[in-house]
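The structure under discussion appears below in the form of structure tokens.
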Amino acid sequence: MDRSNLQKIMDGKNPTLENFINICKALGVRPSQVLEDGDSFTPSVPIVGFVSAGEGWTPIEGITNETVDIEIAKPDTIALEVRGSSMSPVYRDGDTLICQRIYGPYLDNLIGRDCVVQTADGRHFVKILKRGTKPRRITLKSYDPLVDDIEDVAIAWAAPVIWVKRGSS
């Protein structure tokens, strides 16, 4: 990393994820070690285009300052590795799901979202949350159409999938 980039970071500008990783490598530490104090690291990633119909994407013309922030290592962030193909094509063998746990009354905000879930009776699933037919109950929708949904369960916590790191398979 050249001196001008390092000076920008020292002046309080948000580093890119690439710069953060390079700094960690230069210091001989893992990025997670830097983040262990509980604060989150929020790199900005440039938005370079948009997805449209037909699975194509179109580059944004000209210079844009549009970015999306990726929050990493907030409290209660967890990761799961996908093994097997039971959730394909949504999630594939070798993918890593990054999730943030949410408890109690905020679960209603997760309806329609892909979530890692622990039920009140201790079972664990990755499902799509649907509103249950009973108060304070959730229906867990399966990705596989051959697997029945789990209806009207009490949830201890749910963690929406906020980021997917695609595996190499």
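Just so it is clear, none of the values below were taken in a lab; they were calculated from the coordinates. Computed from a predicted structure; not experimentally measured. With ideal geometry, Cβ positions are generated from the backbone for all residues, glycine too; neighbour counts draw on all protein chains shown.
Averaged over residues, the count of other Cβ atoms within 10 Å places the peptides 152-161, 137-146 in the sequence 152-161, 137-146, highest first. Projecting label points 7 angstrom from Cα along Cα→Cβ for residue 6 and residue 67 puts them 2.1 nm apart.
Can you list the lysines whose alpha carbon is less than 23 Å from that of residue 13, not counting same-chain residues fewer than 8 positions off? Cross-link targets: 25, 74.
In this simple spin-label model, placing a label point 7 Å from the Cα along the Cα-to-Cβ direction at both residue 147 and residue 93 gives a separation of 1.6 nm. Considering only 106, 147, 133, the residue lying farthest towards the positive end of the dipole of region 77-165 is 106, judged by Cα position with unit charges set on Cβ.
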